[in-house]
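Contents: one structure, followed by commentary.
The values are calculated or read from the model by the stated rules, or taken from the named source; none is laboratory data. Bear in mind that the values here come from a model prediction, so they are computed numbers and not experimental data. Because the Cβ atoms are built from the backbone with ideal geometry, glycine has one as well, and the counts that use them run over all protein chains shown. The area values use the complete protein model at the heavy-atom level, side chains included, leaving out ligands, DNA and RNA. Shrake-Rupley method; radii C 1.70, N 1.55, O 1.52, S 1.80 Å.
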Amino acid sequence: MVRNIKNYTELFENLDSSNPSKRVREDFKSALKQLALDMEASPDNSSVIAYEITGFMATKYAQSLEDGSPIDEVLTIAGELETNPDNSDTLRHELIDKISTL
C-alpha cells in the first residue's frame, strides 16, 4: 500500500473507471497535491513519490486521458522522475509546478 496517499486502494479502485465521478477526480487531485508537498519537503524521496504517482497509470481513468491533458502530463513527468535520472531536480520542480496548476 502506498504510504503517502490516504485510502490509496479505494482511490485506485474508484479511478479504475473510464469515467469516475467528479468527487473521485477531485480526491485524486488532492492526493497529487499532497504528494507534491511531500516531494517539496523531502526531495531525496522524489523518485519514490514519483513511483507512487505512476501507479495510477494503470487505472482506466488514466488510460482514457487525452495525450497532453494536465493529469496525463503529471503522470508522464512522474514516470520520467521515478527512474531517478540525472535531471531529477529539474523534473521534480516541473512535476510540482504541474501539480500545483491542477
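For the chain, what is the mean residue ellipticity at 222 nm derived from helices alone (per DSSP H run of n ≥ 4: -39500 (n - 2.57); sum divided by total residues; nearest 500 deg cm²/dmol)?
-20000 deg cm²/dmol
Could you look at segment 16-93 and say what percent of its accessible area is carbon and sulfur, using a 1.4 Å probe and all protein chains?
Accessible surface attributable to carbon and sulfur in segment 16-93 totals 44 percent.
Between Ala50, Ala36, Ala62, which gets the highest mean-square fluctuation from a Gaussian network model of the chain, Cα cutoff 10 Å?
The residue with the greatest mean-square fluctuation here is Ala62.
Quick check for you: with a 1.4 Å probe and neighbouring chains kept, what is the accessible area per residue of the chain, in Å²?
57
Do any GluC sites (Glu not before Pro) in segment 60-89 lie in a loop, going by DSSP, with at most 16 other beta-carbon atoms within 10 Å of their beta carbon, and if so which?
Sparse-neighbourhood loop GluC sites (Glu not before Pro): Glu66.
Excluding ligands and nucleic acids, what accessible area in Å² is computed for Tyr51 using a 1.4 Å probe, to the nearest 10?
Per-residue accessible area (Tyr51): approximately 150 Å².
Compute and list, largest first, the equivalent-ellipsoid semi-axes of the chain from the alpha carbon gyration tensor, each √(5λ) rounded to a whole angstrom.
Square roots of five times the eigenvalues give 21, 14, 12 Å.
Please compute one quarter of the surface area of the Cα convex hull for segment 47-89 and express it in square nanometres.
2.9
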